[in-house]
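To start, the structure itself, in structure tokens.
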Amino acid sequence: MASTKPQKKFRKKILCIGAGYVGGPTMAMIALKCPDYIVTVVDINEDKINSWNSGKLPIFEPGLDEIVRKTRGKNLFFRTDIEQQIRDNDIIFVSVNTPTKTFGSGAGYAADLQFVEKTARLILENSTSPKIVIEKSTLPVKTALAMERILMSGKGRVKFEVLSNPEFMAEGSAIKDLENPDRVLIGSRETAGGIAARRLLVDIYARWVDTGKIITSNIWSSELSKLVANAFLAQRVSSINSISALCEKTDADISEVAKAVGTDSRIGGKFLVAGVGFGGSCFRKDILNLVYLCRFYGLQEVADYWESVVKINEYQQERFIINILGKMFNTLAGKKICVLGFAFKANTGDTRESPAIYITHRLLAECAEVVISDPKALENAAIVMADTTGKLSYEENPYEAVKGCHAIAILTEWSLYKELDYKKIFRAMAKPAFIFDGRNIIDHEKCYKIGFNVYPVGKPALSHFESRV
Ligand code: NAD
Ligand code: UGA
């Protein structure tokens with residue numbers, strides 16, 4: 001393992017606990033922008049750390065390999081000796097997972113904070129010098145209070161300052177987002193110690209982020225803003241998806257509606273792309289967490305309002321399946337369906353909460369045979385679908401995957417799917433051939449002319465026989 005011995009030449013020592021989708025890229029960016037700081041990332045998962053130290057990183061993220069190549073072994077280190085690293089570092093980011101609780105009180109809604117709490121206890125047990133502990137994970141508002149109470153239980157032996165610095169990067173564009181963020185948010189206690197710690201973190205980001213984009217706030221506002229930002233983004237997706245259902249009933253076109261609505265500068269055009277529903281590890285979990293918090297504080301109407309965002313997302317996925325079933329003559333049994341794209345969005349191999357998981361399960365439940373294709377997510381797809389029964393196979397090459405299929409369901413907006421030779425694909429498929437474009441990315445008119453029956457989301461269907469039925 002790489003040594004951290006030459007520490008004297010470094011001006012600051014930064015540790016991150018949790019080497020996942022957030023910990024890895026964010027620390028790689030700090031290491032790149034602050035060559036005079038030494039940045040160490042630790043994790044309990046030894047395989048993951050080995051992978052960060054290898055030629056094949058544990059996550060696919062455009063531009064990440066290059067940054068890791070430039071910094072790893074110089075001022076960026078991936079290690080498993082967590083306790084030692086806590087002793088050696090005074091600035092500690094906590095970037096562990098905060099999934100939805102699956103047990104006990106709040107199951108299905110509240111955040112499972114056991115990993116965060118274990119980290120706080122580990123920091124307390126191994127600290128002999130003052131530390132700044134930074135919440136990088138997405139956490140329910142008031143978590144910092146619990147962190148402080150655990151850290152202070154050492155009876156003032158060591159001084160701790162807790163900051164909140166939520167991460168707003170999106171997967172697939174993480175490097176771009178980290179390099180040029182819309183904003184960096186830093187929350188602290190408004191005490192002299194809190195303000196001093198906050199200033200120290202501002203100085204780190206100010207190495208490459210315009211100071212006008214570095215927002216400081218009280219610690220609770222910072223924690224809550226992260227949940228609210230995700231809830232607002234997801235709400236836009238659910239809003240446009242709900243309207244896509246109405247478009248399908250009225251021959252309006254959701255892309256035209258989104259453009260007309262989004263060009264109003266008060267509304268804005270981003271996050272108005274209708275599709276099969278949002279996925280990813282955070283939107284659902286963070287909204288449900290917000291719902292839980294609202295109910296906890298007795299705000300039932302507010303909770304119901306935000307829960308409806310998740311309900312529309314579930315409705316959109318189910319609607320997609322019901323449409324496939326209906327258009328394919330109400331039976332999928334024995335039919336072969338190619339799922340094109342399994343990642344929850346393009347440019348990532350991440351399949352967490354991907355709509356493709358639910359849709360594939362539903363196709364298998366209808367006794368269809370499913371072939372999954374994806375340029376980056378097949379390994380994760382196989383893991384997530386491992387316990388599934390039914391006829392399921394994996395094929396990276398889309399031309400092989402579609403052979404003998406009755407239908408294609410496009411579930412991820414990989415740009416390569418726009419460029420495919422759909423004439424060749426049509427020839428390889430069973431007839432009548434169907435395309436259900438869950439991301440509205442292919443040329444629908446062209447595919448219709450080739451002979452496909454084309455069903456986009458929120459747009460008129462292009463069917464060769466429907467008008468005659
Ligand atoms: P992840 O599951 O990819 O990574 C978390 C890592 O923490 C895992 O590797 C796990 O082994 C490690 N870990 C857990 N307990 C540990 C412990 N006690 N000591 C050391 N390591 C430990 O999760 P992620 O996607 O990186 O998300 C982390 C947090 O950031 C979550 O709160 C998430 O909501 C938030 N977030 C995620 C994204 C994203 O795009 N994935 C973006 C913004 C914020
Ligand atoms: C999202 C937020 O965008 C980040 O700011 C946040 O940091 C992150 O969650 C997090 O906290 O984890 P991410 O989930 O990686 O990032 O990806 P998004 O680009 O937000 O997409 C989420 C889902 O919404 C995807 O399934 C995507 O396909 C879908 N989506 C997005 C749409 O269906 N339509 C849109 O217009 C936009």
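Numbers at a glance
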{"item": "Whole-Hz couplings from phi, Karplus 6.51/-1.76/1.60, listed for segment 184-198; x for Gly and Pro", "result": "10, 10, 10, x, 8, 5, 8, 9, 4, x, x, 5, 5, 5, 4"}
{"item": "Average projected area [Cα convex hull, segment 204-253], square nanometres", "result": "5.5"}
{"item": "Antiparallel bridges, percent of DSSP beta bridges restricted to segment 6-209 (to nearest 5)", "result": "10"}
{"item": "Cα-derived Rg over Rh, computed across segment 218-469 with Rh taken as Kirkwood radius", "result": "0.99"}
{"item": "Burial ordering of T348, T100, fewest other beta-carbon atoms within 10 Å first", "result": "T100, T348"}
{"item": "Local net charge near S239, Cβ-Cβ under 13 Å (Lys/Arg +1, Asp/Glu -1)", "result": "+3"}
{"item": "Label-point separation, V302 to I383 (7 Å along Cα→Cβ), nm", "result": "3.6"}
{"item": "Full-stretch length increase - D421, D88 - with 0.36 nm per residue and alpha-carbon distance subtracted", "result": "114.3 nm"}
{"item": "Counting all C-alpha pairs of segment 285-336, share separated by more than 18 Å (%)", "result": "50"}
{"item": "Near-label residues of segment 390-428 by backbone N, under 17 Å of a point 7 Å along Cα→Cβ of K449", "result": "419-427"}
{"item": "Fewest-first ranking of I267, I410, using other Cβ atoms within 10 Å as the exposure measure", "result": "I267, I410"}
{"item": "For segment 6-209: rounded, prolate or oblate by the Cα gyration tensor [a/c cutoff 1.5]", "result": "rounded"}
{"item": "DSSP beta bridge pairing in segment 218-469, given as percent antiparallel to the nearest 5", "result": "5"}
{"item": "Extent along principal axes [Cα atoms of the chain; Å; largest to smallest]", "result": "80, 49, 43"}
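Readers should treat all values here as calculations from the given coordinates under stated rules, not as data from a laboratory. Predicted, not measured: the structure shown is a model, and the values here were computed from it. In this analysis, Cβ positions are derived from the backbone assuming ideal geometry, glycine residues included, and neighbour counts consider all displayed protein chains.
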